[in-house]
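S.K.: Before I ask anything, let me first share the structure, which is written out below as structure tokens.
The values are calculated or read from the model by the stated rules, or taken from the named source; none is laboratory data. On a predicted model such as this, the values are computed, not experimentally measured, just so you know. Note that we place each Cβ from the backbone using ideal geometry, even for glycine, and neighbour counts take in every protein chain shown. To get the accessible areas, we keep the full protein, side chains included, count just its heavy atoms, and leave off ligands, DNA and RNA. Shrake-Rupley method; radii C 1.70, N 1.55, O 1.52, S 1.80 Å.
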Amino acid sequence: MHLFSRLRSPVRTCWRRLVGDQSGNMAMIFALVLVPTVGAVALAVDYGRASHLRNQMQQAADSAAFAAARNPDMTDAEVGLFARAAFRANMNRYTGGGTEFSATRDDDGITITVSSSVDTMFAKAIGQDKIDISVTSGAMSGTQDLELALVLDNTGSMRDFMGDLKSAAKQLVETVHGGAGRNNPRTKVALVPYVGAVNIGNGPAQMAWMDSNADSATHGITYERESVGFDRACYDALPVGPPGPPDPGPGPGGGGNDRSSLETMLRSFAALSGELFGVRSAKAASPPAPADYLYGYDGNCFLLNPAKVNHFTLFNQIPNSSWKGCVEARPAPFDVDDTPPDLGDPNTLFVPFLWPDEPDVNVGWADFPNHYLADGSIALFAPGLEYEWETKNRLRNVYKYDGTAAVIDEVGPLTKGPNASCPDPIVPLTSNVGQVNSAIDALSHWEGSGTVSSEGVAWGLRVLSPTEPFTEGRAFGDVQKIMILMTDGKNWAAEQADWATRSDYTAYGYLYGAASRIVPPTYETYKTHIDDRTLAACTNAKAAGITVYTITFGVMDAATEALYVACASEPPFHYSATTVADLHDAFTEIGGRIMALRLTK
């Protein structure tokens, strides 16, 4: 027998006994208790219905506020119509609806108020025919007053994935603007492509930030006062004078030779340099300070580069090429901060990136990837020193920049010339979606050089900063500032086998050489140095009030993954993508986070 059937008879018996009990005041007590009990049950049922409907209305009002706040460019009238339609669409899933609806916009975003009532079913017995309901919702869009910098790795390893990167980036741009085809005036986006260096553009504004006089501590250090050739016969021909101080090694002067005849000997040496270096003899024979160009050491006569070498001068000596806009890293600490360029401090100025002409042939190892000027013939060397010195002399010789046209190819992805591996230029902050999307569409991967994420982050910081070099950003604290950093590999410089360079040229120069900025010059030290500078740049950006998101794509190195976790503003803001779908999902989720709406009421 069913349990209910088994219990029904005893319950019914107890109920009859209770109702029929005439003893004492039981009937009176029961009558007194019954009325409020029935009323309470009736109210509970009706208020339960009202509460359920109120929750439905609140959810619908919240959704309508969210939807309206995503469209900040609507007029006030459009806000009311749009919000009402969104509210009704959400209420179609439920019973009931609003009888009075209002939607207004103020400094806090969108405010929606809905009033309604529920007809009672049981509470009518106690005189209550309806229950009034009122809900209020407010929402503010995360895209209001937004400045966003997209810092994107465009190195050669992205060659097969540039299409996916571009589509994901464009989708994010449209998301933060509130939809395809929208230009939200309160949303600005900047684009910072990077490889081994960053292209800041080469217009008049950029020239005002540049070290035009070559006064920065790092300007021209590949060349300055470096020897580019020597000849034993030259030294032996110098007349002997009074003994001089002990020779300190490579540098000016030394020995006991008669320096008064240096200019004569220099002109003799320079007459040979036309054959040695492919330099016109008239130019080579007329240096501004002969004593800085020629000195004797260890039985040889050395020809030196000038004490000051200006990259702009070298560019001017290549008639079929000009500076494209890439820059080298400033001396620390300015390499990773947004200190404005100041003529009073040359180290705050920017040095034009110039990949040196590399030797036409390599004496000891594989050929160099970027030789674009003729070296001439370097044949006069002390016996046994050809192998040790010739490659380095060919590399750092400035006299071959003599006005002769070079072999130049600046159409990516594999380029040759002083601008080799210089990527597409920065797009400063703008609310023009079309401009940003067109620049994204035009992006290409660039072979060679390396990956220097510190430069990408530093320039991401600079485009968001309100101070020079870029000034499109508003003051920190007045607007939400976000940087998205995407990379597909560890920081590195492309390897070269020859001891004269050990690497391709990057914003930090060559890995190896007398003027190397990496000590000691090993590949691991290089990675550690750039990793440290990347983290320092991220720290500076976060300290300024920028929210940093990071995306790694296909990175298998644990230390590199940890670097970008630390770079992000908080661990959830780092995304590790292993597939193309993951890459798209990362940009989509970040766009959702940026667009996340918060309730204000």
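S.K.: Report, by residue number, each residue of region 144-155 that is more than 20 Å from ALA541 (Cα to Cα) and either at pLDDT 95 or above or open to solvent by less than 10 Å² (accessible area, probe 1.4 Å) (or both).
M.R.: Residues satisfying the conditions are ASN154, THR155.
Conditions (1) hydroxyl-bearing (Ser, Thr, Tyr); (2) more than 30 Å from MET74 (Cα to Cα); (3) at pLDDT 85 or above, marked per residue:
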{"site": "PRO185", "(1), (2), (3)": "no, no, yes"}
{"site": "LEU191", "(1), (2), (3)": "no, no, yes"}
{"site": "ASP215", "(1), (2), (3)": "no, yes, yes"}
{"site": "ARG225", "(1), (2), (3)": "no, yes, no"}
{"site": "ASP231", "(1), (2), (3)": "no, yes, no"}
{"site": "LEU238", "(1), (2), (3)": "no, yes, no"}
{"site": "PRO250", "(1), (2), (3)": "no, yes, no"}
{"site": "GLY256", "(1), (2), (3)": "no, yes, no"}
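S.K.: Which of the residues belonging to region 185-216 are touching a His at 6+ places or on another chain (Cβ under 9 Å), on the phi < 0 side of the Ramachandran plot and surrounded by fewer than 21 Cβ atoms within 10 Å (Cβ to Cβ)?
M.R.: Listed by number, the list holds a single entry, ASN213.
S.K.: Counting only residues that are more than 16 Å from VAL436 (Cβ to Cβ), give me the strands (runs of 3 or more DSSP E) lying completely in region 115-232 with at least 3 of them.
M.R.: The strands (runs of 3 or more DSSP E) meeting that bar are 130-140, 227-231.
S.K.: Confirm whether THR99 is surrounded by fewer than 13 Cβ atoms within 10 Å (Cβ to Cβ), in contact with a Ser or Thr (Cβ under 8 Å, 6 or more places away or on another chain) and at pLDDT below 80.
M.R.: yes
S.K.: Go through region 563-577 and give me each residue that's open to solvent by 60 Å² or more (accessible area, probe 1.4 Å) and out of contact with any strand residue (DSSP E or B) (no Cβ under 6 Å at 6 or more places or on another chain).
M.R.: GLU570, PRO571, PRO572, listed by residue number.
S.K.: Can I ask one more? Specify the residue that is nearest to GLU455 (Cα to Cα); the eligible residues are those in region 491-518 that are among the hydroxyl-bearing types (Ser, Thr, Tyr) and open to solvent by 10 Å² or more (accessible area, probe 1.4 Å).
M.R.: By that ranking, first place goes to TYR510.
S.K.: As an exercise: evaluate ALA541 against (1) within 26 Å of VAL351 (Cβ to Cβ); (2) in contact with a His (Cβ under 8 Å, 6 or more places away or on another chain) and give the number of the one condition it does not meet.
M.R.: (2)
S.K.: Moving on to the next point. Just one of the numbered conditions (1) modelled with pLDDT of 90 or more; (2) open to solvent by less than 10 Å² (accessible area, probe 1.4 Å) is not true of GLN171; which one?
M.R.: (2)
S.K.: Output the number of the condition that GLU524 fails; it satisfies all remaining conditions of (1) part of a helix (DSSP H, G or I); (2) open to solvent by 10 Å² or more (accessible area, probe 1.4 Å); (3) touching a residue at least 24 places away in the same chain (Cβ under 8 Å).
M.R.: (3)
S.K.: Return only the number of the condition from (1) open to solvent by 60 Å² or more (accessible area, probe 1.4 Å); (2) under 27 Å from ASP145 (Cβ atoms) that ALA586 does not satisfy.
M.R.: Going through the list (1) open to solvent by 60 Å² or more (accessible area, probe 1.4 Å); (2) under 27 Å from ASP145 (Cβ atoms), ALA586 breaks only (1).
S.K.: For region 322-338, give me each residue that is in a loop (DSSP other than H, G, I, E, B) and crowded, with 19+ Cβ neighbours inside 10 Å.
M.R.: TRP323, LYS324, GLY325, GLU328, ALA329, ARG330, ASP337, ASP338
S.K.: From (1) at pLDDT below 95; (2) of a type in the set (Asp, Glu); (3) crowded, with 21+ Cβ neighbours inside 10 Å, pick out the condition that doesn't hold for ASP478.
M.R.: Going through (1) at pLDDT below 95; (2) of a type in the set (Asp, Glu); (3) crowded, with 21+ Cβ neighbours inside 10 Å one by one, ASP478 breaks only (3).
S.K.: Output the residues belonging to region 477-488 that are on the phi < 0 side of the Ramachandran plot and either touching an Asp or Glu at 6+ places or on another chain (Cβ under 9 Å) or part of a loop (DSSP other than H, G, I, E, B) (or both).
M.R.: Within region 477-488, ASP478, VAL479, GLN480, LYS481, ILE482, LEU485, MET486, THR487, ASP488 meet the criteria.
S.K.: What number goes with the only condition from (1) free of Cβ contacts under 8 Å to residues at least 24 places away in the same chain; (2) in contact with a helix residue (DSSP H, G or I) (Cβ under 7 Å, 6 or more places away or on another chain) that ILE126 does not pass?
M.R.: (1)
S.K.: Additional query: Output yes when any residue across region 530-553 is surrounded by fewer than 23 Cβ atoms within 10 Å (Cβ to Cβ), over 19 Å from the mean Cα position of the chain (by Cα) and not basic (Lys, Arg), and no when none is.
M.R.: The answer is no, given that none of the residues of region 530-553 is surrounded by fewer than 23 Cβ atoms within 10 Å (Cβ to Cβ), over 19 Å from the mean Cα position of the chain (by Cα) and not basic (Lys, Arg).
S.K.: Of the conditions (1) surrounded by fewer than 23 Cβ atoms within 10 Å (Cβ to Cβ); (2) under 18 Å from the mean Cα position of the chain (by Cα), VAL580 clears all except one; give me its number.
M.R.: (2)
S.K.: Whether any residue in region 561-577 is touching a Phe, Trp or Tyr at 6+ places or on another chain (Cβ under 8 Å) and over 24 Å from VAL336 (Cα atoms) is what I want to check.
M.R.: Scanning region 561-577 turns up at least one residue that is touching a Phe, Trp or Tyr at 6+ places or on another chain (Cβ under 8 Å) and over 24 Å from VAL336 (Cα atoms).
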